[in-house]
Every structure is written in C-alpha cells, then in structure tokens.
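Novice: Here it is, the structure in full.
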Amino acid sequence: MKKLVITGSSGLIGSECVLYFDRKGWEVFGADNNMRKDFFGNDGDTSWNLERLKSTAENFRHNNLDIRYRKKVLDFFEQIKPDFIIHCAAQPSHDLAASRPFDDFDVNAMGTMNVLEAARTFCKDSPICFMSTNKVYGDAPNELPVKELEKRYDYADAKDFDGIDESMRIDRSTHSIFGADKVAADVMVQEYGRYFGMKTACFRGGCLTGPAHSAAELHGFLAYLIKCARDGRPYRIFGYKGKQVRDNIHSFDVCRLFEEFYEHPRCGEVYNLGGGRRNSISMLEAIEMAENVTGRKLKYEYLDSNRKGDHICYISNLSKIKKHFPNWDITYSLKDIFEQIAAAKSA
C-alpha cells in the first residue's frame, strides 16, 4: 500500500485529500495540531473535521505534529518514508500575520523548510505538492488596468481576460507579512526541485473553498460569507466598493490536480491555481448568490479601507496547468460550490 503524508490534514485541502486518497487505496498519515483554533478562535477550530476523518477514512492515521519542530518532523518522515507528500499546513491569513509575525514565519517558512529537508533525507524521490498562495505576487496584480462594471471590477485589456499567469513578478510589491513568508517557502520548494532534482511543485492558490472549510473572518472568504448569510451573522466588506473579484476552486478539484502531479511529476514547477474565469465572482455578486441559496438576507457593513496589499481583481490563468495536465479541469461550478457549502452544517 502506498504511503501519503499530508500536513494540515484537518484543514480544508488537507482533509479533502485525506478522503480522496483514502478512497484510492492509499495509507494516509495526517499531521495537524489544530493551530488554526489558536489563530482564529472557535470559528477556526478543526477538531470537528478530524473526528469526521477518523470516522470516515479507512486507512488514515492522525499525528498531532507541529511542523515548527524540526526533530519531530524528521522523526516522522524517517518512520513513514512516504511515497507522496502534500504540504498544506500554514498560517493562512495575511491580516493575522501582521500581529503574529514570528508565528507566521515559523509555520510558513521554517515549517516548509523542515518538511523539505525531511523529504530530501528520507524519501528524496517522492513527489511534493506545496500549497502556496497567489499572495506571493503581492499587490503587483493591481497594476493591471481594470474597468469598473455595475457589480464587479474586470480586466480592461483583452489580453488579460483569462487572468494572471505565472510570469507575474513576485518582488517589488507589498505582499503582507504572510505573503512574504510564503514567498520564502515557495522559492525553497522550487529550489529543492531545481537544485536537488526533487519532484516539487508550488500551487499558488487563490480562493480555495468547500464545505470542510473552518472559515473565519480573517480567512475563508466564500465559506465564511455563506455561513454569515445562513446563520444571520453580521459580515464586513473591506473596501473596493465590494466589487473586488476572486476565482474560486472546490477542494475536490485541488485533490484531483495533486493526483495528476503525482502521476506526472516535474521538478521545481509553479502553477497558478483557482477556479479560473468561469468561477470568478465579486463580493457583491457573491452576496447576492449567498442570499439566493440560503433564502436569507445578509447583514453586512461596508468599510472604506481595503485590506493592505489586497487584490482588486484576481483570476487565475489555468493555461499552464491544463497544458501540463490535460486530463484535469474544473468540475465544480460556482453554483455547485455555493449550494454545497450552504447545506453543510459544519461550514
């Protein structure tokens, strides 16, 4: 039986991967210490998701592992020697990072370094999928000209219609502390691929979503928005007239792409990962759709100040992914995603 290590296994992408690969016959070793609860309070608590995994997955073993502790990570990898690694563990909020910069760096940058070196030492040939972020580009995407429409911003130039590709620069921009730490991790993942010849890839995710998201105001835009509409909780919009645009991808489609990389690995690659043009939506449009699927009006407050370094319009160009992995495509539409999250009691 093939062995898979997933860090951040109780989170959105990690837990989806646990169930996906468990069904495929893998022996899955999860590493998660529920630090998300420490970061985000009760909204971020992933213990419910861990219990769901324990009761559902047949070949899943949970390990209460903090990736900041190097020796423990090395011991973990030495014991398992996995055939595949999916590294999702992270502090994911660019707002929170500014108030806890040491924690952010230690988890995102040093934690990734610990995983990389453990893999190089004990399973060098095993492919590694790293869940990076589009925040590695900082606010450079905001330099693309945009046009203001009734309910959203969109790219003004036809050449930008399909979104932002991997040629976007990652320096000379404001990233947030979180984005800068993820740049460090992203570049190290690339370097272990290019320098050591390891099969590594950075998946620069935008809005990753799904019903397993323990969403909070500081992280998990779509799931948190739908939860607020469904449960009658107040919601806050931060700047850009609520017309800021994101493309959303269901966690299941992320798992399918990771599987494609395992089957057809490359060394030191980067991919922009999101829902693409078809699954792009503005805040105002998302509020309207959330109200439709929940049957309830959202109580929201508008704040003039946008989040520092936040994107005005971000759509992932999926051309490179589709070229390298022609068997992969988006399977969950925005309508599917909204309806599934609204129906999930745990969201």
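The values are calculated or read from the model by the stated rules, or taken from the named source; none is laboratory data. Quantities reported herein were computed from a predicted structural model and do not represent experimental measurements. Don't worry about glycine lacking a Cβ; one is built from the backbone with ideal geometry, like all the others, and counts go over all protein chains shown.
Novice: All but one of (1) within 15 Å of Met289 (Cβ to Cβ); (2) buried (at least 23 other Cβ atoms within 10 Å of the Cβ); (3) of a type in the set (A, V, I, L, M, F, W, C) hold for Cys202; state the number of the condition that does not hold.
Specialist: For Cys202, the failing item is (1).
Novice: Turning to a different aspect of this structure: Determine the pairs where a residue that is without any contact (Cβ under 8 Å) to a residue 24 or more places away in the chain and within 21 Å of Lys227 (Cα to Cα), located within the range 21-45, has a partner that is surrounded by 17 or more Cβ atoms within 10 Å (Cβ to Cβ) and of a type in the set (D, E, K, R) with Cβ atoms under 6 Å apart, the partner being 6 or more residues away or on another chain.
Specialist: Close Cβ pairs satisfying both conditions: Lys37/Asp45.
Novice: Give the residues of the range 179-195 that are surrounded by 23 or more Cβ atoms within 10 Å (Cβ to Cβ) and either part of a loop (DSSP other than H, G, I, E, B) or modelled with pLDDT under 95 (or both), sorted by residue number.
Specialist: Matches in the range 179-195: Gly179 only.
Conditions (1) out of contact with any helix residue (DSSP H, G or I) (no Cβ under 8 Å at 6 or more places or on another chain); (2) of a type in the set (D, E, K, R); (3) modelled with pLDDT under 95, marked per residue:
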{"position": "Cys129", "(1), (2), (3)": "no, no, no"}
{"position": "Thr133", "(1), (2), (3)": "no, no, no"}
{"position": "Lys159", "(1), (2), (3)": "yes, yes, no"}
{"position": "Asp165", "(1), (2), (3)": "no, yes, no"}
{"position": "Ile177", "(1), (2), (3)": "no, no, yes"}
{"position": "Gly197", "(1), (2), (3)": "yes, no, no"}
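Novice: Additional query: Quick check on my filter: what residues within the range 299-329 are at pLDDT below 95, assigned to a loop (DSSP other than H, G, I, E, B) and farther than 23 Å from Ala343 by Cβ?
Specialist: Once the filter is applied, which keeps residues that are at pLDDT below 95, assigned to a loop (DSSP other than H, G, I, E, B) and farther than 23 Å from Ala343 by Cβ, the range 299-329 yields Asp304, Ser305, Asn306, Arg307, Lys308, Gly309, Asp310, His311.
Novice: If you don't mind, another one. Looking at the range 326-339, which of the residues that are out of contact with any strand residue (DSSP E or B) (no Cβ under 8 Å at 6 or more places or on another chain) and either surrounded by 19 or more Cβ atoms within 10 Å (Cβ to Cβ) or hydroxyl-bearing (Ser, Thr, Tyr) (or both) is farthest from Arg266 (Cα to Cα)?
Specialist: Phe338
Novice: Among the polar types (S, T, N, Q) and more than 17 Å from the chain's Cα centre (by Cα): does that describe Asn114?
Specialist: Taking the combined requirement at face value, the residue satisfies it.
Novice: Yes or no: the range 100-108 includes at least one residue that is polar (S, T, N, Q), buried (at least 20 other Cβ atoms within 10 Å of the Cβ) and not in a helix (DSSP H, G or I).
Specialist: Quick first cut of the range 100-108, residues polar (S, T, N, Q) only: 108.
Filter once more, so that each one left must be buried (at least 20 other Cβ atoms within 10 Å of the Cβ): 108.
Subset that is not in a helix (DSSP H, G or I): none.
Within the range 100-108, none of the residues are polar (S, T, N, Q), buried (at least 20 other Cβ atoms within 10 Å of the Cβ) and not in a helix (DSSP H, G or I).
Novice: Here is a follow-up. Across the range 140-174, what is the total count of residues that are closer than 23 Å to Arg278 by Cα and part of a loop (DSSP other than H, G, I, E, B)?
Specialist: At the first step, the residues of the range 140-174 found to be closer than 23 Å to Arg278 by Cα are 140-168.
Okay, now just the ones that are also part of a loop (DSSP other than H, G, I, E, B), so 144-145, 149-152, 156-157, 161-163, 165-168.
The qualifying residues number 15.
Novice: Going by what's in this entry, would Tyr332 be described as over 25 Å from Arg233 (Cα atoms), in contact (Cβ under 8 Å) with a residue 60 or more places away in the chain and either assigned to a loop (DSSP other than H, G, I, E, B) or touching a helix residue (DSSP H, G or I) at 6+ places or on another chain (Cβ under 8 Å) (or both)?
Specialist: When the stated conditions are applied, Tyr332 passes them.
Novice: Go through the range 1-99 and tell me which strands (runs of 3 or more DSSP E), entirely inside it, have 1 or more residues that are buried (at least 24 other Cβ atoms within 10 Å of the Cβ). Lay out the reasoning, then the answer.
Specialist: On the way: elements: 3-7, 27-31, 60-63, 84-87.
Qualifying strands (runs of 3 or more DSSP E): 3-7, 27-31, 84-87.
Novice: Where residues in the range 242-298 are among the charged types (D, E, K, R), in contact with a Lys or Arg (Cβ under 8 Å, 6 or more places away or on another chain) and part of a loop (DSSP other than H, G, I, E, B), which of them is modelled with the lowest pLDDT?
Specialist: Arg296
Each row is one residue, and each column tells you yes or no for (1) more than 14 Å from the chain's Cα centre (by Cα); (2) within 30 Å of Pro145 (Cα to Cα).
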{"residue": "Cys228", "(1), (2)": "yes, no"}
{"residue": "Gly232", "(1), (2)": "yes, no"}
{"residue": "Phe238", "(1), (2)": "yes, yes"}
{"residue": "Lys241", "(1), (2)": "yes, yes"}
{"residue": "Asn248", "(1), (2)": "no, yes"}
{"residue": "Phe252", "(1), (2)": "no, no"}
{"residue": "Leu257", "(1), (2)": "no, no"}
{"residue": "Tyr262", "(1), (2)": "yes, no"}
{"residue": "Pro265", "(1), (2)": "yes, no"}
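Novice: So, Ala156, is that one among the aliphatic types (A, V, I, L, M) and either in contact with a His (Cβ under 9 Å, 6 or more places away or on another chain) or surrounded by 24 or more Cβ atoms within 10 Å (Cβ to Cβ) (or both) or not?
Specialist: no
Novice: I would also like to ask the following. Could you give every pair whose Cβ atoms fall below 9 Å, whose first residue belongs to the range 294-318 and is exposed (fewer than 14 other Cβ atoms within 10 Å of the Cβ) and among the polar types (S, T, N, Q), and whose second residue is at pLDDT 90 or above and not in a loop (DSSP other than H, G, I, E, B), counting only separations of at least 6 or pairs across chains?
Specialist: Taking only residues 6 or more apart or on different chains, the pairs are Ser305/Phe238.
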